[in-house]
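Note sheet for the following structure.
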Amino acid sequence: MSRKIRFTRKAVAATAAVVAVAMGGTTTAAQAAVSVKVIDYPNFDSGPDLSLRGVASLVKPANKPTVLRLVKNKNHTTGAAWAAPKINPTKPFVASFVALSQGGAVHGDGIAFVFQGAGNKALGWDGGGMGYSGIKPSLAVEFDTYKNPYDINANHVAIVTGGNAEVQTVSATAPVNLVGKEYRGTVIYDPATKNLRVFVSAASVAGYGTQVINRTIDLAKAVGTGPVNVGFTSANGTHYGVQDIISWTMVAG
Ligand SMILES: [Ca+2]
């Protein structure tokens with residue numbers, strides 16, 4: 001299922017309200033801050049406004065909507081895609097996307113959902129660098145499918161600041177297999193509490209699925225007070241695969 005976050009143009013006061021909106025809930029007029037659906041790609045058919053770097057491209061599979069293909073089936077390739085709208089790291093947000101990683105028994109490195117202050121031409125390193133390593137300042141949420149020596153396994157989620165995949169703030173095993181089937185990743189941030197949460201589910205399951213990371217981390221300290229670029233990166237190394245983003249929505253305060 002390509003879950004579409006619903007948005008109502010009502011004022012909201014806190015992340016909880018933003019989350020409520022994203023979950024299809026309602027808000028009250030007494031709530032003060034404004035919530036805006038800044039990114040809305042149920043698919044990539046309609047000319048998405050993205051800065052594509054490296055080998056990233058828009059591809060239309062047969063009988064399916066257009067996908068954002070970050071890397072192709074080729075070794076030592078790197079791709080990135082940055083949305084035109086920038087994000088204010090001092091405001092709350094809910095970002096949700098569906099991805100499909102494909103490859104053989106040993107495959108490419110996965111994808112990263114990245115906030116960064118280096119601009120929309122940024123592109124990081126291949127292989128275990130996952131397309132974001134080397135980009136500073138940055139905060140990456142990895143959906144990592146290749147076990148490097150510094151990784152816990154070949155199917156994990158991790159948060160990395162400072163553009164160095166070898167130094168992870170936190171990592172946790174993903175609750176679903178991140179290769180071969182579409183999965184949904186959801187990242188929710190509350191600047192009031194500095195609470196960053198990451199959820200993962202099979203794309204066929206409604207809702208956010210399983211919370212895999214719940215961490216206090218200051219996004220504005222990690223990437224600057226912004227506005228900053230937001231997008232996806234991916235890479236192949238010696239082993240390789242195809243890494244697609246199927247859909248992407250983001251509601252920000
Ligand atoms: Ca890795």
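The values are calculated or read from the model by the stated rules, or taken from the named source; none is laboratory data. In this text, all values refer to a predicted model and were calculated from it rather than measured experimentally. Cβ: placed from backbone, ideal geometry, glycine included. Neighbour counts: every protein chain shown.
Within the range 99-118, being crowded, with 24+ Cβ neighbours inside 10 Å and either of a type in the set (Val, Ile, Thr) or assigned to a loop (DSSP other than H, G, I, E, B) (or both) holds for Gly108, Asp109, Ile111, Val114. Among the strands (runs of 3 or more DSSP E) confined to the range 196-253, the ones with at least 1 residues that are of a type outside the set (Val, Ile, Thr) and surrounded by fewer than 20 Cβ atoms within 10 Å (Cβ to Cβ) are located at 210-216. For the subset of the range 117-142 comprising residues that are over 16 Å from the mean Cα position of the chain (by Cα) and within 11 Å of the ligand (Cβ to nearest atom), which member is nearest to Gln168 (Cα to Cα)? Going through the qualifying residues, I end up with Gly128. In summary, Asn73 fulfils each of the numbered conditions (1) buried (at least 17 other Cβ atoms within 10 Å of the Cβ); (2) of a type outside the set (Gly, Ala, Ser); (3) at pLDDT 85 or above with the single exception of condition (1). In the range 46-59, of all residues being surrounded by 13 or more Cβ atoms within 10 Å (Cβ to Cβ) and outside any strand (DSSP E or B), the one that is modelled with the lowest pLDDT corresponds to Pro48. Could you list all residues from the range 78-90 that are touching a Ser or Thr at 6+ places or on another chain (Cβ under 9 Å) and touching a residue at least 60 places away in the same chain (Cβ under 8 Å)? Thr78, Gly79, Ala80, Ala81, Trp82, Ala83, Asn88, Pro89, Thr90, listed by residue number. One residue alone among Ala172, Ala165 is of a type in the set (A, V, I, L, M, F, W, C) and surrounded by 24 or more Cβ atoms within 10 Å (Cβ to Cβ), and that residue is Ala165.
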